[in-house]
Amino acid sequence: MDLPPISVIGAGIAGLACASFLEQNQLPVQIFERRAQAATRGGIGLLLLKNGIDILDKLGLKEQVSQAGCQIHSFNQYDNKGNTLFKNLIQDCIAIDRVSLLRALQSTIGKSQLHYNTSLERIEFSESNPVVITKKNETWPSSFVIGADGRGSRTRNLLYRDHNLIKTEESEIVGKVNHPEVFDRIGQNFCKILDPEGGVALGLLPLRGGDIIWYLQYSVDKFPNLYTADDSTLFREIENLIGDWSFPVNVMKEIIEPSDCFHWRVELLNKPLQQYGTNTVALIGDAAHPLLTFSSQGANSALVDAYELSKLIIKNQELGKPLNSISEELTQIREPQIQKYRDSEKQLLNMFLQPYSQKTGTVPFSK
Ligand SMILES: Cc1cc2nc3c(=O)[nH]c(=O)nc-3n(C[C@H](O)[C@H](O)[C@H](O)COP(=O)(O)OP(=O)(O)OC[C@H]3O[C@@H](n4cnc5c(N)ncnc54)[C@H](O)[C@@H]3O)c2cc1C
């Protein structure tokens, strides 16, 4: 008798990449996504680093992603008066907006497998096989469930009730703007502008055709009014913080469009998971290990998780072995590396919170 498909919860970076690897190996998958349709939100971008780019290469997407994004050549740090603090050449780094990356991943998957507007409600276990129950009360028998439903993962919440998300010391406001003058000025460089007092930084990432991703990182403890700002006060609070910053123009006036930005109140797990799942459910990406943004490893490690999990599933299926130990195997493969990212992020966060004179220049991501 044919096994039911593998169910993937979440058509984000980890879920789409994992489903794509499984499909390439003729394993039946079904993907359930809470969003009403394919990704459209434009304002968020990220850096693809070597580990993530290598996985996209395995999916045949390296060229497509390189075309859609911008190769970054250098990381340049400035103070808020425009003085150069630090420059460092970097390799294997592409700035890309989230939608372009999701579109590339989506293009590798059969449309009939993707179910939008379909949220996971709970998972039931019948004769050891899991059944996905959606919010619309549909039931989807599955041979295995992959929880790739992001930072606030419902899959994780169903498995681990003593794990919850807690506020962190840093949050971000992220947006996208088209500004050819600033775009030309920053070139193919990742620019970061720092308040020498610490606790505030503005990142600028060039995309294509004059598009720039900007993100304002700030200390939640130092700037509680910004953290609690609503749509009517956000602009004023940002202005209080960086209204007179002068690189590369007055960034506040020229770049920041509060009507089209996303206030990301970053949260982390109260403690790391001991294991990324159980014998019938595995967790990948932010669902398994939400990270801060400092290492730029959120999206990249989601891609690596997707690859490693699919490799384990494919190997076990080829050997005719049950999948009940793969969450444990996945944890053994991935958790040591993820712990390194957590450690390096903690260091980068501490540096960010301190005055600049106490810092040594460093490229702000982990490999
Ligand atoms: C809005 C947003 C902005 C971000 N901005 C940045 C940034 O600027 N820089 C950076 O480095 N990282 C950023 N990140 C983090 C980075 O994108 C993540 O680390 C990376 O996307 C992790 O991939 P993932 O597949 O695990 O989770 P995600 O990409 O978050 O995907 C999870 C998917 O699951 C879906 N989902 C959630 N719950 C359910 C459910 N119950 N049923 C079905 N589907 C569900 C979601 O709609 C989503 O499509 C951002 C994340 C988000 C969500």
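The values are calculated or read from the model by the stated rules, or taken from the named source; none is laboratory data. Nothing here was measured: the structure is a model prediction, and the numbers come from that model. Glycine also receives a Cβ, built like all others from the backbone with ideal geometry; neighbour counts cover every protein chain displayed.
Which of the residues spanning segment 161-186 are over 30 Å from residue 206 (Cβ atoms) and within 15 Å of the ligand (Cβ to nearest atom)?
Start the filter on segment 161-186 by keeping residues that are over 30 Å from residue 206 (Cβ atoms), which leaves 161-167.
Once the filter is applied, which keeps residues that are over 30 Å from residue 206 (Cβ atoms) and within 15 Å of the ligand (Cβ to nearest atom), segment 161-186 yields only 165.
The rows are residues; the columns are (1) buried (at least 17 other Cβ atoms within 10 Å of the Cβ); (2) outside any helix (DSSP H, G or I).
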| position | (1), (2) |
| --- | --- |
| 47 | yes, yes |
| 51 | yes, no |
| 54 | no, no |
| 57 | no, no |
| 65 | yes, no |
| 78 | yes, yes |
| 91 | no, yes |
| 96 | yes, yes |
Given (1) more than 16 Å from the ligand (Cβ to nearest atom); (2) surrounded by fewer than 18 Cβ atoms within 10 Å (Cβ to Cβ), index of the condition residue 252 fails = (2)
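Tally the residues that are in contact with a helix residue (DSSP H, G or I) (Cβ under 7 Å, 6 or more places away or on another chain) and either modelled with pLDDT of 90 or more or surrounded by fewer than 16 Cβ atoms within 10 Å (Cβ to Cβ) (or both), restricting the search to segment 342-367. Break it down into steps so the answer makes sense when it comes.
The initial filter retains those residues of segment 342-367 that are in contact with a helix residue (DSSP H, G or I) (Cβ under 7 Å, 6 or more places away or on another chain), namely 359, 364, 366-367.
After this cut, where a residue has to be either modelled with pLDDT of 90 or more or surrounded by fewer than 16 Cβ atoms within 10 Å (Cβ to Cβ) (or both) as well, the list is 367.
Count: 1.
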Given the conditions (1) at pLDDT 95 or above; (2) under 27 Å from residue 295 (Cα atoms); (3) in a helix (DSSP H, G or I), which single one is not true for residue 158?
-> (2)
Hey, could you check segment 229-249 for residues that are within 13 Å of residue 173 (Cβ to Cβ) and of a type in the set (Val, Ile, Thr) and say which is surrounded by the fewest Cβ atoms within 10 Å (Cβ to Cβ)?
-> 233
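Okay, residues lined up against (1) under 21 Å from residue 11 (Cβ atoms); (2) at pLDDT 95 or above; (3) among the aromatic types (Phe, Trp, Tyr):
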{"site": "55", "(1), (2), (3)": "yes, yes, no"}
{"site": "64", "(1), (2), (3)": "yes, yes, no"}
{"site": "70", "(1), (2), (3)": "no, yes, no"}
{"site": "80", "(1), (2), (3)": "no, no, no"}
{"site": "87", "(1), (2), (3)": "no, no, no"}
{"site": "94", "(1), (2), (3)": "no, yes, no"}
{"site": "97", "(1), (2), (3)": "yes, no, no"}
Evaluate segment 67-86: report whether one residue or more is under 26 Å from residue 204 (Cβ atoms) and within 11 Å of the ligand (Cβ to nearest atom).
-> no
May I ask you to say which residue of 123, 90, 109 is more than 23 Å from residue 24 (Cβ to Cβ) and more than 12 Å from the ligand (Cβ to nearest atom)?
-> 90
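Keeping to segment 135-155, report how many residues are more than 8 Å from the ligand (Cβ to nearest atom) and either over 12 Å from residue 281 (Cβ atoms) or part of a loop (DSSP other than H, G, I, E, B) (or both).
Going residue by residue through segment 135-155, those that are more than 8 Å from the ligand (Cβ to nearest atom) are 136-147.
Pick out the ones that are also either over 12 Å from residue 281 (Cβ atoms) or part of a loop (DSSP other than H, G, I, E, B) (or both) and you get 136-143.
Residues flagged as more than 8 Å from the ligand (Cβ to nearest atom) and either over 12 Å from residue 281 (Cβ atoms) or part of a loop (DSSP other than H, G, I, E, B) (or both) within segment 135-155 amount to 8.
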Which of the residues that make up segment 172-229 are without any contact (Cβ under 8 Å) to a residue 60 or more places away in the chain and over 28 Å from residue 346 (Cα atoms)?
-> 178, 180, 183, 184, 209, 210
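Only residues that are at pLDDT 95 or above and surrounded by 15 or more Cβ atoms within 10 Å (Cβ to Cβ): list them for segment 256-271, please. Step through it out loud before you land on a result.
Let us first name the residues in segment 256-271 that are at pLDDT 95 or above, namely 269-271.
Selection gives 269 alone.
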The lone exception for residue 195 - which of (1) within 22 Å of the chain's Cα centre (by Cα); (2) at pLDDT below 95 it fails | (1)
Could you please give the count of residues in segment 125-155 that are of a type outside the set (S, T, N, Q), over 25 Å from residue 17 (Cα atoms) and either surrounded by 15 or more Cβ atoms within 10 Å (Cβ to Cβ) or modelled with pLDDT of 95 or more (or both)?
-> 1
When segment 88-124 is examined, which residues are found to be without any contact (Cβ under 8 Å) to a residue 40 or more places away in the chain and not acidic (Asp, Glu)?
-> 89, 100, 111, 112, 122
Among the candidates 85, 27, which residue alone is in a loop (DSSP other than H, G, I, E, B), over 19 Å from the mean Cα position of the chain (by Cα), in contact (Cβ under 8 Å) with a residue 60 or more places away in the chain and surrounded by 14 or more Cβ atoms within 10 Å (Cβ to Cβ)?
-> 27
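Please specify each residue of segment 131-171 satisfying the condition of being of a type in the set (Val, Ile, Thr) and within 26 Å of residue 351 (Cα to Cα).
In the first step, residues of segment 131-171 are kept if they are of a type in the set (Val, Ile, Thr); the result is 131-134, 139, 145-146, 155, 166, 168.
Result: 166, 168.
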Selection from segment 295-308 of residues that are part of a helix (DSSP H, G or I) and small (Gly, Ala, Ser) = 298, 299, 301, 302, 306
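For residue 236, state whether it is within 16 Å of the ligand (Cβ to nearest atom) and of a type in the set (Lys, Arg). Break it down into steps so the answer makes sense when it comes.
Details: within 16 Å of the ligand (Cβ to nearest atom): no; of a type in the set (Lys, Arg): yes.
Answer is no for this residue.
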So residue 103 fits all but one of (1) over 23 Å from residue 261 (Cα atoms); (2) outside any strand (DSSP E or B); what number is the exception?
-> (1)
Can you name every residue in segment 332-341 that is basic (Lys, Arg) and surrounded by fewer than 17 Cβ atoms within 10 Å (Cβ to Cβ)?
-> 340
